[in-house]
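Below is one structure, written out as structure tokens, with a few remarks after it.
The values are calculated or read from the model by the stated rules, or taken from the named source; none is laboratory data. Being a predicted model, the structure only gives us computed values, none of them experimental. Here the Cβ positions follow ideal geometry from the backbone for every residue, glycine too, while neighbour counts run over all protein chains shown.
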Amino acid sequence: MSTTHEETLTDATRREIYDYVASEGKTTESELAAALGLDATALGHHLAVLRRHGYLWDDGDAIAVSFGGLSPERHETDGVGYEVRLARGPDRDGLIEAIRAVAADGRYIEAESVADVLEEEGAVLRRDPIQSRLVFVACTDDGDTAGWVHLDLPELEKLRHTAVLTVGVRPAWRDHGVGGTLLERGERWAHEHGYERLYNSLPATNDQAIDWLAGRGWREEAVRDGHYRIDGEPVDEVMMATDL
């Protein structure tokens with residue numbers, strides 16, 4: 001019987017291989033074999049299945065979670081240079097630190113939840129039959145994470161046309177176009193991969209972020225009264241959306 005897409009990660013060994021690659025960001029077949037105690041033949045078979053169903057791909061001599069061969073993009077604004085690229089395992093700590101810095105004032109609840117998930121799961125990128133995760137980071141020439149854009153990607157057929165986007169830039173790197181570049185990169189990837197609508201939910205108190213998204217073509221689609229409780233007070237949730 002052939003392995004179906006849904007069954008690919010239910011096999012315990014393939015799940016173990018996939019989780020190891022996701023946590024490391026990149027690895028090699030020899031490193032995988034040593035870490036998981038697999039012989040070359042068995043490992044080769046499982047890797048072939050994971051590649052065939054789009055969970056892993058070969059990044060040069062390494063193996064990585066598959067979101068395609070996304071090349072880094074170089075940007076420079078006002079003499080400030082940075083690179084936007086797909087996040088990798090070693091970016092995790094800097095990414096979480098950047099998200100926490102942006103969400104420190106308690107007005108970006110979705111970003112806080114992204115940081116919590118990254119801390120809990122360990123993997124930066126995730127491909128899963130139910131829910132996937134994609135992250136681009138903006139990296140400075142000094143190797144710091146200036147900002148990020150995160151896409152929470154439902155894989156269920158009835159939700160497959162939508163995704164939740166969060167984006168943020170550390171205070172020291174604002175006003176250099178980094179946020180707009182990251183937002184455009186996330187929107188472009190989603191559009192190229194068949195997504196039709198993106199959402200970003202924010203507390204009504206975060207009027208600066210709401211206005212920023214509105215200025216880039218997003219609209220207020222819904223409001224949930226008192227959805228958040230911040231400093232003991234009920235705060236409305238504003239759901240922003242854009243069609244791709």
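Regarding ARG107, is this residue touching a strand residue (DSSP E or B) at 6+ places or on another chain (Cβ under 7 Å) and farther than 22 Å from VAL238 by Cβ? Answer is no for this residue.
Does ARG174 qualify as being among the basic types (Lys, Arg) and either in contact with a Lys or Arg (Cβ under 7 Å, 6 or more places away or on another chain) or surrounded by 14 or more Cβ atoms within 10 Å (Cβ to Cβ) (or both)? Against the criterion (among the basic types (Lys, Arg) and either in contact with a Lys or Arg (Cβ under 7 Å, 6 or more places away or on another chain) or surrounded by 14 or more Cβ atoms within 10 Å (Cβ to Cβ) (or both)), ARG174 qualifies. Just so you know, in the stretch 156-206 the residues that are under 17 Å from PHE67 (Cα atoms) and of a type in the set (Asp, Glu) include one that is modelled with the lowest pLDDT, and it is GLU192. Among the residues of the stretch 80-93, those that are more than 13 Å from VAL135 (Cα to Cα) and either out of contact with any strand residue (DSSP E or B) (no Cβ under 9 Å at 6 or more places or on another chain) or at pLDDT 85 or above (or both) comprise GLY81, TYR82, GLU83, ASP93. Of all residues in the stretch 7-26, those that are within 16 Å of GLU120 (Cα to Cα) and at pLDDT below 80 have Cβ atoms under 6 Å from Cβ atoms of residues that are exposed (fewer than 15 other Cβ atoms within 10 Å of the Cβ) and small (Gly, Ala, Ser), 6 or more apart or on another chain, in SER23/GLY122.
Determine whether GLY179 is crowded, with 21+ Cβ neighbours inside 10 Å, in contact with a helix residue (DSSP H, G or I) (Cβ under 8 Å, 6 or more places away or on another chain) and assigned to a helix (DSSP H, G or I). Judged against the criteria, GLY179 is a match. If the condition is being hydrophobic (A, V, I, L, M, F, W, C) and touching a helix residue (DSSP H, G or I) at 6+ places or on another chain (Cβ under 6 Å), then the stretch 199-237 contributes only LEU202. From the list ASP231, ASP236, the lone residue that is of a type in the set (D, E, K, R) and in contact with a Pro (Cβ under 8 Å, 6 or more places away or on another chain) is ASP236.
In the stretch 206-222, the residues that are touching a residue at least 60 places away in the same chain (Cβ under 8 Å) form Cβ pairs under 6 Å with partners that are of a type in the set (A, V, I, L, M) and part of a strand (DSSP E or B), at six or more places apart or across chains, as follows: ALA209/LEU202. Taken over the stretch 220-244, the criterion of being over 15 Å from ALA204 (Cβ atoms), touching a strand residue (DSSP E or B) at 6+ places or on another chain (Cβ under 9 Å) and not β-branched (Val, Ile, Thr) is satisfied by ALA241, ASP243, LEU244. Within the stretch 111-125, can one find any residue that is in contact with a His (Cβ under 6 Å, 6 or more places away or on another chain), exposed (fewer than 15 other Cβ atoms within 10 Å of the Cβ), of a type in the set (Val, Ile, Thr) and in contact (Cβ under 8 Å) with a residue 24 or more places away in the chain? Checked against the condition, which is being in contact with a His (Cβ under 6 Å, 6 or more places away or on another chain), exposed (fewer than 15 other Cβ atoms within 10 Å of the Cβ), of a type in the set (Val, Ile, Thr) and in contact (Cβ under 8 Å) with a residue 24 or more places away in the chain, the stretch 111-125 yields no hits at all. Put simply, of ILE96, ILE109, ILE130 the only residue that is β-branched (Val, Ile, Thr) and modelled with pLDDT under 90 is ILE130. Answer yes or no: is there a residue in the stretch 211-234 that is crowded, with 16+ Cβ neighbours inside 10 Å, assigned by TED's automatic domain parsing to the domain that holds ARG88 and β-branched (Val, Ile, Thr). Checked the stretch 211-234: no residue is crowded, with 16+ Cβ neighbours inside 10 Å, assigned by TED's automatic domain parsing to the domain that holds ARG88 and β-branched (Val, Ile, Thr). Among the criteria (1) part of a strand (DSSP E or B); (2) farther than 24 Å from SER132 by Cβ; (3) charged (D, E, K, R), the one ASP211 does not fulfil is (1).
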